[in-house]
Amino acid sequence: MRVRLAGRVHTGSAGDLLYYRAGEPHEEWSVPEDPVETFFVAFELADDEKDRGSLERDLEGRIRQLARWLHEEWHRHSVGSADLCRTLFHAMLLEWERLCRRSSEPQLVEHVRELIRDRIDAHIDLETLAQASGLSRCYFLRKYKALTGRTPMEEVRAERVRHAHHLIANTNLPMKDVAARAGLCDEYHLSHLIRRYLDVTPGEIRASMR
């Protein structure tokens, strides 16, 4: 998904959280062949001018899961639903606060992660990332690792796993299609990385969401 906000176009991906102040102009669009699922929540804050980031990364999927439960409970209308909805919403705000405090990544890191997400289903190598960042290959590698503690290619693999996890948990795509959309060569590679990073199998992820 693409989002134009404050004169800048962001590339949205699984788990991204966007905050718009009341009346703030923005535009969103996605390609028809690759639709996205979004949750919208409108609310009022006593301190509306509180400093909050406009774009945060809910990489662990905690806010997304809370939003799912809130959405389901909102339409249930059972005894206690209103109280549960308020509790879920306040939990979302608390998690959001935590993300805002944590999201002070340098511009280079944010730029690289957006580039990876934008090309998640394509071949990405170190040279491509270095050129897009305007740095030499060796300097880019050293600087990125110093900033994040991981190499750029480790970042690529982590982003592919996050995207694959989202597709496994939220779609019925065959695993070979999940692998292709996450830029992985085959189902074996997909399973290997999911096990390595998340310590579960793709089948266990899908079964847990049913």
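The values are calculated or read from the model by the stated rules, or taken from the named source; none is laboratory data. Just so we're clear, the structure is a prediction, and the values are computed from it rather than from any experiment. Every residue, glycine among them, receives a Cβ derived from its backbone with ideal geometry; neighbour counts consider all protein chains shown.
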If you go through the stretch 120-134, how many residues are surrounded by 14 or more Cβ atoms within 10 Å (Cβ to Cβ) and either in contact (Cβ under 8 Å) with a residue 40 or more places away in the chain or touching a strand residue (DSSP E or B) at 6+ places or on another chain (Cβ under 6 Å) (or both)? 3
For ILE168, are the conditions met, namely being assigned to a helix (DSSP H, G or I) and either buried (at least 18 other Cβ atoms within 10 Å of the Cβ) or in contact with a Gly (Cβ under 6 Å, 6 or more places away or on another chain) (or both)? yes
Residue identified as aliphatic (A, V, I, L, M) and assigned by TED's automatic domain parsing to the domain that holds ARG162 among LEU141, LEU84, LEU88, LEU94: LEU141
Check ALA91 against each of (1) in a strand (DSSP E or B); (2) at pLDDT 85 or above; (3) within 30 Å of GLY149 (Cα to Cα) and name the one condition it does not meet. (1)
Within the set of pairs 6 or more residues apart or between chains, which connect a residue that is assigned to a loop (DSSP other than H, G, I, E, B) inside the stretch 135-153 to a residue that is surrounded by fewer than 17 Cβ atoms within 10 Å (Cβ to Cβ) with Cβ atoms less than 6 Å apart? THR151/LYS145
Of these, GLU114, GLU56, GLU60, GLU72, which one is free of Cβ contacts under 8 Å to residues at least 60 places away in the same chain and in a helix (DSSP H, G or I)? GLU72
If the requirement is being touching a Leu at 6+ places or on another chain (Cβ under 7 Å), modelled with pLDDT of 85 or more and surrounded by 10 or more Cβ atoms within 10 Å (Cβ to Cβ), which of these qualifies: TRP74, TRP69? TRP69
With (1) under 20 Å from LEU126 (Cα atoms); (2) over 16 Å from the mean Cα position of the chain (by Cα) as the list, and ARG157 as the residue in question, which single condition is left unmet? (2)
Could you list, in sequence order, the residues of the stretch 12-33 that are part of a loop (DSSP other than H, G, I, E, B), modelled with pLDDT of 75 or more and surrounded by 10 or more Cβ atoms within 10 Å (Cβ to Cβ)? TYR19, TYR20, ARG21, GLU24, SER30
Those residues of the stretch 94-108 which are surrounded by fewer than 16 Cβ atoms within 10 Å (Cβ to Cβ) and either of a type outside the set (D, E, K, R) or at pLDDT 90 or above (or both), in sequence order: LEU94, SER103, SER104, PRO106, GLN107
Please list, ordered by first then second residue, the pairs with beta carbon atoms under 6 Å, 6 or more apart or interchain, first in the stretch 186-197 and more than 14 Å from PRO174 (Cα to Cα), second surrounded by 12 or more Cβ atoms within 10 Å (Cβ to Cβ). LEU193/VAL161; ILE194/PRO202; TYR197/VAL161
